[in-house]
Amino acid sequence: MLVVVAGRNDGEARDLAERWAPWGAAVLTCEDLSTAGWRYHPHDPAGSEAVVEGRTVGAGEISGVLTRLPCVPEGELRRVAAEERAYAAAEMTAFLRSWLAGISCPVLNRPVSTCLSGPGWRRERQAHVAALLGIPVRPVTWSVDPGSDVAEEGPSTPDVTVTVVGDRCLGTADGTLAGHARRLAEAASVGLLAVRFHETNGGFELHSADPWAEVSSPGVADAVLEHFLGG
């Protein structure tokens, strides 16, 4: 069974589960976390049980997990009283973090203390790490409207997206860009990363990177599936 951890309104996750239907794919939503049937043993992850789309599944039945949530949002917890949602969301996030970290099957991406799907780096951190790796970086700029207290990032549009899936790179035949993307994924300790580049007169510069790749792309979806199946 393949599990996609996602929000209830994540259409890409639903489409992906349908595409992977022959492998028993299903979407685990935040509502599943408040459904009876979970059995979690931190010292024996293989003996644990999860609830996916309302049914109980043994940990040994799961052959891969794709995480598309940085945390459990309060808005997903419709079964929980409004005044209790902040607490419940924090507890569910902590529980998911532990469960995803302990399950033995491949997970894209494993959680860290601040995010359920990889490091969750801000643009400034991405640029800093990339620069240390020798990757050309597009400066991160912010502007502040005098009439607002909210800073907005300067407008820019990436020209090329390279998606790292395990040891594969999709979206470019340029070996240099593929190498940059792989090194950034290795530095972030993730197996799935969408790395975006901006083209300049002098070449390409890193624009941004995030672990929520476009799984609506058939090529990316198939590469993730092959990663889970060991292909």
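Just a few scattered comments:
- Residues located in segment 180-204, provided they are surrounded by fewer than 17 Cβ atoms within 10 Å (Cβ to Cβ) and more than 21 Å from residue 106 (Cβ to Cβ): 199, 200, 201, 202, 203
- Residue 13 part of a helix (DSSP H, G or I), among the aliphatic types (A, V, I, L, M) and at pLDDT 95 or above: yes
- Filter pass, residue 125 being under 19 Å from the mean Cα position of the chain (by Cα) and without any contact (Cβ under 8 Å) to a residue 40 or more places away in the chain: yes
- Against the test of being modelled with pLDDT of 95 or more, open to solvent by 30 Å² or more (accessible area, probe 1.4 Å) and closer than 30 Å to residue 34 by Cβ, the options 82, 86 yield a single qualifying residue, 86.
- Looking across 91, 153, one residue alone is open to solvent by 60 Å² or more (accessible area, probe 1.4 Å), of a type outside the set (A, V, I, L, M) and at pLDDT 95 or above. It is 91.
- Residue 228 in contact (Cβ under 8 Å) with a residue 40 or more places away in the chain and open to solvent by less than 60 Å² (accessible area, probe 1.4 Å): yes
- Scanning segment 67-87 for residues that are farther than 23 Å from residue 112 by Cβ and in a loop (DSSP other than H, G, I, E, B) yields 78, 79, 80, 81.
- Residue 57 in contact with a strand residue (DSSP E or B) (Cβ under 7 Å, 6 or more places away or on another chain) and buried (at least 21 other Cβ atoms within 10 Å of the Cβ): no
The values are calculated or read from the model by the stated rules, or taken from the named source; none is laboratory data. From a predicted model like this one, the values you see are computed outputs, not experimental measurements. Cβ atoms come from the backbone with ideal geometry, glycine included; neighbour counts cover every protein chain shown. Each accessible area value is taken on the protein alone, full model and side chains, heavy atoms only, with ligands, DNA and RNA left out. Shrake-Rupley method; radii C 1.70, N 1.55, O 1.52, S 1.80 Å.
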